[in-house]
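Reviewing the structure listed below.
The values are calculated or read from the model by the stated rules, or taken from the named source; none is laboratory data. Predicted model only: the values in this text are computed from it and were never measured. With ideal geometry, Cβ positions are generated from the backbone for all residues, glycine too; neighbour counts draw on all protein chains shown. Protein only, heavy atoms only, side chains kept; ligands, DNA and RNA dropped before computing areas. Shrake-Rupley method; radii C 1.70, N 1.55, O 1.52, S 1.80 Å.
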Amino acid sequence: MESYTIYEKHFLKDCLGKLKRLRLQWSSSQWDEEQIHEKSNIPTSMCNLGGNDYGQYSFIMRESSEYVYQAICRTLIDLARKYKLTHRHAICRRSNAYRYIDKNGDGPTTELDSSRTVHILYIENDGEKTIFVIKEIGIAERLPIGLEKYLKSAFQTPSLVYVSLVTRDAEKEDYSRKGDVIDVVKFLRDQFGSEEETRFFSYFEQLKTRANDIFGLKITKTLQYMELGAFRAELLKTVRERSYPINVTGRNLAEEQRVVIEKHYFEEGRCKATVGGSDFATSFITAEWLYSSLKGAANVDLSPVALGYFKALEQFLYLLIEVLAAHASDGARTLHVGPQKNNRVYWKIDGVTDYGKWIPVNEDCVTISPEIFAEGFQYIFDLGKLTSFFGRWNKKDKVIEPCNEDLLHLEIESETYEAIVLMLQNLRTMRNGYLHKDNLYEWSEVDKVRNEIFTVFYLMLGSYRLDEQAMERLGVLGPERAGDFDRLCVYIDQAALKKLDPPGIPVFYFDHESNPWGFCLACPAEDDPTIDKLGRVVSYPAAYFRGLRTRNGYDLKVTMENVPSVISEGRLLFGTDDSGDIRFDVTGPEKIIFEAGQFTE
């Protein structure tokens, strides 16, 4: 049996077939008016905050997860057979149960129907005998200690390893630090080799892609303040880590030029302007949210997504011109606006012109001053005029007419400058096409616009001279840093959620406590946080702590008035010994996080 037939059977035939039937069962009634009416009359549980739609989606996801788990397990079993490894297959049927608990902690237990078959694979490979338990992610997916002992006795080997169905970081589930949890990548590579590992994931990606096409289900995040911070952080990571082109509009960016640009864009942190608090950053974040929310959608007009990027571009160029012109030390700059009535640009708001307010036009240009950025004159800043500030493409003579290139860093060469001008010209042409054509249905077109916008930010923020005032206006420097006590409170609230990374639970000591067991645990904040406009939690009124024996609530509320002079942090470690009993240990204070009013992390 060739391995590709294994994948085609379990992934692309059996599993995908079950997923199709699952989806069709749900969708078959979508166009039946009678059934739609019946479904609308089904009561919704008060505990279901997502409504009936969420309940249906949740059911589909639970069932599909089970189908995929079974397909992976059967694939691994057949691979062991194909490679002629000495192996045995066993299953463990896990059941749910109801248990009545009286005041004495006792009561009858009634088991329900089994909910999951866990697959166990015993393999002898190169003289090593190992029991592999294939499980989904999570510590709760481990088998009970007693069952582990039984399996070791039944298969006559002390080696039992969990294969967690993740592609990395499986060791974080190894809370006892026994080294008995590996990811599926390591399992495939160790048992069947790297070539088979590559083939496995190639077919699995096909399964995922086709399943997503069938389901058409996607989690869409709403950009509330509580979610905005995480979305911004992820977007900034994308900005930093994406691959930027070496050839831009036919101009090659030399390695030396990329070093200069990336010094300013990444090392100086100018890239943070793209997710800052400016209007252009807000538009860019919104466009990215629409892109990530709708990516893969079919039969919808994608023009609003593409135009969101163009709006971000116009706002970016508008702001960049304002800060470059305002802080230029060599006199006023001009903007080409073309022929104007009476050689004047008149004040206009909501289509109503005030002929008593105007700015003179000389040789089709206006002088850039703070006045021109007032609300009544902003209408003149269309994309064509904005791009002309940085240079114009002469179609007739097919040459670039330079403009304000002296605002570039001295290290920026003509090839890079030409790439900027030509890219802006291309984007201007693309935008006009999207405004005056039929609906946009191709994601490849949206991807093209998106990639160009990422590159424009990279090139321009990395190439033009920006002083500290300009960087502040662009949102590079960010808001004022939160106070030390506020940062301590945020840190303690976040520490209450940390469990196993790094190993152990964070614990805290006050005022040079010498007893390693004299610690407190962090508690989640009881108060609503203060969240800035960028979606970041910047403060809580207090930090909360509890003793080891306190199960609910807190024992100590630390405010500005009673904050200890020194707060140190250590870790509570735990694991199981060979008998299966849980053992605890504590490190004692490892580092000072707060001292004399200063937060040190």
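Considering every residue within the stretch 26-33, establish whether at least one is in a helix (DSSP H, G or I), more than 35 Å from the chain's Cα centre (by Cα) and at pLDDT below 90. Yes, the stretch 26-33 contains a residue that is in a helix (DSSP H, G or I), more than 35 Å from the chain's Cα centre (by Cα) and at pLDDT below 90. The residues on offer are LYS357, LYS272, LYS348, and the sole one that is surrounded by 15 or more Cβ atoms within 10 Å (Cβ to Cβ), of a type in the set (Lys, Arg), modelled with pLDDT under 95 and outside any strand (DSSP E or B) is LYS272.
Looking only at the stretch 225-253, residues that are in contact with a helix residue (DSSP H, G or I) (Cβ under 7 Å, 6 or more places away or on another chain) and not in a helix (DSSP H, G or I) come to 8 in all. Note on the stretch 433-471: among residues that are farther than 23 Å from LEU294 by Cβ and not hydrophobic (A, V, I, L, M, F, W, C), the one that is surrounded by the fewest Cβ atoms within 10 Å (Cβ to Cβ) is GLU468. Restricting the stretch 400-430 to residues that are β-branched (Val, Ile, Thr) and open to solvent by 30 Å² or more (accessible area, probe 1.4 Å) leaves a set whose member that is modelled with the highest pLDDT is ILE400. Among the conditions (1) closer than 18 Å to TYR162 by Cα; (2) touching a Ser or Thr at 6+ places or on another chain (Cβ under 8 Å), ARG74 misses just one, which is (2). Annotation: PHE310 fulfils all but one of (1) farther than 24 Å from VAL421 by Cα; (2) aromatic (Phe, Trp, Tyr); (3) surrounded by 15 or more Cβ atoms within 10 Å (Cβ to Cβ); the unmet one is (1). Among the residues of the stretch 552-583, those identified as of a type in the set (Val, Ile, Thr) and either at pLDDT below 90 or more than 16 Å from ALA495 (Cα to Cα) (or both) are THR559, VAL563, VAL566, THR576, ILE582.
This table checks each residue for (1) touching a helix residue (DSSP H, G or I) at 6+ places or on another chain (Cβ under 9 Å); (2) of a type in the set (A, V, I, L, M, F, W, C).
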residue	(1), (2)
VAL352	no, yes
VAL361	yes, yes
THR367	no, no
ILE372	yes, yes
GLU375	no, no
GLY384	yes, no
PHE389	yes, yes
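Whenever a residue of the stretch 226-249 is under 16 Å from LEU461 (Cβ atoms) and free of Cβ contacts under 8 Å to residues at least 60 places away in the same chain, its partners that are aliphatic (A, V, I, L, M) and assigned to a helix (DSSP H, G or I), lying with C-beta atoms within less than 7 angstrom and at least six residues away or across chains, give the pairs LEU235/VAL275; LEU235/ILE285; LEU236/VAL275.
Being in a strand (DSSP E or B), surrounded by fewer than 18 Cβ atoms within 10 Å (Cβ to Cβ) and of a type in the set (A, V, I, L, M) is the filter here; which residues of the stretch 553-571 pass it? Passing the criteria: LEU556, VAL566. For the stretch 383-399, which residues satisfy the criterion of being modelled with pLDDT of 90 or more and in a loop (DSSP other than H, G, I, E, B)? PHE389, PHE390 - these are the residues of the stretch 383-399 that are modelled with pLDDT of 90 or more and in a loop (DSSP other than H, G, I, E, B). Taken over the stretch 403-416, the criterion of being outside any loop (DSSP other than H, G, I, E, B) and more than 16 Å from ILE321 (Cβ to Cβ) is satisfied by SER414, GLU415, THR416.
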